[in-house]
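Input: a single structure, listed below in structure tokens.
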Amino acid sequence: MVGRNGSSDKIDLLIYGPSRPILENGFPQEKFILHAAETRHDLERLTPATLQKMRGVAVTYHTVHADKAALALFPKLEIVASFGVGYDHVDSSYAREHNIVVTNTPDVLTEEVADVAMGLLIATLREFVKADRYLRSGQWSTQNYPLSAGSLRDRTVGIVGMGRIGQAIARRLEACRVPVVYHSRKPAQGVSHKHYAGLIEMAKAVDTLVVIVPGGAGTAKMINAEVMKALGPRGVIINVARGSVVDEPALITALKSGTILAAGLDVFEKEPNVPDELRAMQNVVLLPHIGSASVVTRNAMDQLVVDNLKAWFAGKPPLTPVVETPVKGR
Ligand code: NAP
Ligand code: 8YV
């Protein structure tokens, strides 16, 4: 409905980033007006009048940055509903200072991402990708594939980050009868595995790290040359967290020099750009950030973005606010 002064009592929402059907069809037209800005360039081309009206923003991909400059464009913004559990691309401190709610999409992707971490670990140790290339190139007809240097059988895994996904990975490793320990700032409630307050100390005690902490300043390059040296020549690093968590140049050096054995990476420092040196290596398995990327899980994540926005604008608490958000409810 449009008022006499041209204003509408409908709620203006922006889809910032790639759009998808669940997002586009999730908001009834009687109540919402949807706007779209796929890129930062599109965002900066919205008119001041449009920006002025926006009350909610759905941030639909982790490469789309809802930083301070972007959020400051919206004087009436109430809520940012971010797609993905990691929200290091959203300035949640700025949002908090300006009483803007931020939500993410935890839980609905936990098991999917843990499956990928586990698959990546085994693929790295048992060289699945290299063996596939060997078969396709016809070499099997002349010689059997060599025995893999790595195996899950003789390993101890240190999980870096024992939150929702870390615990789901630990459950899979337990089922595989692999000893598990972990590092996080505080011991995780209800987790019986040994906790290490020190990452270096844990790296010395294990030969495998599975990294699944949030990105951002607090974890930037925490997997550094010192950690790699502590892990040792049998060392394997699996990163399903964020590229920023691993010192990428130090990892390349460690893989080249034999400081560690191998790595499996789903995430990179400057996605989608992956260093040529990594791409040329045989002792790495590289995935294009597919941890949650199945139809069923991505749909559930989109639906949670929609449900958070709808709950908020129905006067209810957001379903999954991030810890920094100024309100748990309304
Ligand atoms: P979560 O439940 O919040 O768990 C985070 C864990 O990290 C907690 O154990 C936390 O414990 C620990 N942690 C946080 N900061 C730390 C620090 N500075 N040093 C050591 N440990 C720290 O999160 P989640 O749902 O498991 O997700 C974890 C992350 O995985 C996400 O934030 C995202 O970046 C990444 N992810 C990647 C993909 C993918 O597609 N590859 C998919 C989903 C998620 P303390 O607070 O006690 O330290
Ligand atoms: C998604 C992720 O690939 O949830 C996360 O933190 O990294 C992945 O599930 C990402 O959020 C897509 O934007």
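The values are calculated or read from the model by the stated rules, or taken from the named source; none is laboratory data. Since the model is a prediction, treat every value here as computed from it, not as a measurement. FYI the Cβ positions are ideal-geometry reconstructions off the backbone, even for glycines, and counts take in every protein chain you see.
Among the residues that make up region 212-228, is at least one of them within 23 Å of Asp154 (Cβ to Cβ) and surrounded by fewer than 20 Cβ atoms within 10 Å (Cβ to Cβ)? No: zero hits.
Would you pick out the residues in region 304-327 that are hydrophobic (A, V, I, L, M, F, W, C) and in a loop (DSSP other than H, G, I, E, B)? Within region 304-327, Ala314, Leu319, Val322, Val323, Val327 qualify. Residues in region 246-271 that are in contact (Cβ under 8 Å) with a residue 60 or more places away in the chain and more than 16 Å from ligand 1 (Cβ to nearest atom): Leu261, Ala262. For the condition within 16 Å of ligand 2 (Cβ to nearest atom), small (Gly, Ala, Ser) and touching an Asp or Glu at 6+ places or on another chain (Cβ under 8 Å), what is the one hit in Gly86, Gly17? None of the other options fit; the residue is Gly17. Ala131: buried (at least 19 other Cβ atoms within 10 Å of the Cβ) and part of a helix (DSSP H, G or I), yes or no? Taking the combined requirement at face value, the residue does not satisfy it.
Condition check ((1) modelled with pLDDT of 95 or more; (2) under 28 Å from Val90 (Cβ atoms); (3) more than 10 Å from ligand 1 (Cβ to nearest atom); (4) not charged (D, E, K, R)) across all residues:
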residue: Leu152; (1), (2), (3), (4): yes, no, yes, yes
residue: Cys176; (1), (2), (3), (4): yes, no, yes, yes
residue: Val181; (1), (2), (3), (4): yes, no, yes, yes
residue: Gln189; (1), (2), (3), (4): yes, yes, no, yes
residue: His195; (1), (2), (3), (4): yes, no, no, yes
residue: Val210; (1), (2), (3), (4): yes, yes, yes, yes
residue: Pro214; (1), (2), (3), (4): yes, yes, no, yes
residue: Thr219; (1), (2), (3), (4): yes, yes, no, yes
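Screening Val274 on (1) under 22 Å from Val57 (Cα atoms); (2) buried (at least 16 other Cβ atoms within 10 Å of the Cβ); (3) free of Cβ contacts under 8 Å to residues at least 24 places away in the same chain; (4) not acidic (Asp, Glu) shows it passes everything except condition (1).
When residues in region 132-164 are screened for being in contact (Cβ under 8 Å) with a residue 12 or more places away in the chain and over 28 Å from the mean Cα position of the chain (by Cα), 3 of them pass.
Contact annotation: no residue pair with Cβ atoms under 6 Å, 6 or more positions apart or on different chains, pairs a residue in region 218-245 that is among the hydroxyl-bearing types (Ser, Thr, Tyr) with a partner that is in a helix (DSSP H, G or I) and more than 10 Å from ligand 1 (Cβ to nearest atom).
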